[in-house]
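Single-structure report; data block below.
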Amino acid sequence: MHNRYEEKDESEIPESLLNEPELLQGLKLYYEAFWELSSDRQVGMAVGPIPHSSIMSYCRDWKMDDEMSFILKILVRKLDEHFLQWQGKQSEKISKSKKKGK
């Protein structure tokens, strides 16, 4: 599990990470890139996706070739899609609990 969740209560951890499978060899690079790039999200009324420019900058910084950059972009986008869905569900839960509390 990513170290950002080490100190979290289980209810604050996405369900998919609680029972996460072990990554196949070579995929850790992409998983860590996703978490590092997550800090580049725009945050307003809701959490936004990781910007394309951030992904491409990451690839250049790590001197990835075109094929590796393409794969990283696809995998980061897929992880981001799932993360944003989870984030949306968390926001809905919080919103519902606030309405019940009134």
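What ranking do 54-65, 88-99 get when scored by the average of other Cβ atoms within 10 Å per residue, highest first? Don't skip to the end; give the middle numbers.
Values: 54-65: 14.1, 88-99: 10.7.
Answer by packing, highest mean first, reads 54-65, 88-99.
Could you look at the chain and say what percent of its accessible area is carbon and sulfur, using a 1.4 Å probe and all protein chains?
Carbon plus sulfur share of accessible area: 53 percent.
Between residue 97 and residue 47, take the C-beta separation as r, use R0 = 25 Å, and let me know the FRET efficiency to the nearest 0.05. Let's see the in-between values first.
Details: r = 18 Å, r/R0 = 0.74.
Using R0 = 25 Å, I get an efficiency of 0.85.
Tell me the per residue accessible area of the chain using a 1.4 Å probe; a whole number in Å² is fine. Spell out each step's value before the answer.
Values: 7940 Å² over 102 residues.
On a per-residue basis, the chain sits at 78 Å².
Could you tell me how far the Cα centroid of the stretch 24-43 sits from the Cα centroid of the stretch 58-102, in Å?
9 Å
With everything on Cα atoms, drop me the angle between helix 28-37 and the longest principal axis of the chain, reported from 0 to 90° to the nearest 10.
Between helix and principal axis, roughly 60 degrees.
The values are calculated or read from the model by the stated rules, or taken from the named source; none is laboratory data. Keep in mind that what you see is a predicted model, and the values were worked out from it rather than measured. When we count neighbours, we look across all protein chains shown, and the Cβ atoms used for this are built from the backbone with ideal geometry, even at glycine. All accessible areas refer to the heavy atoms of the entire protein, side chains included, with ligands and DNA or RNA removed. Shrake-Rupley method; radii C 1.70, N 1.55, O 1.52, S 1.80 Å.
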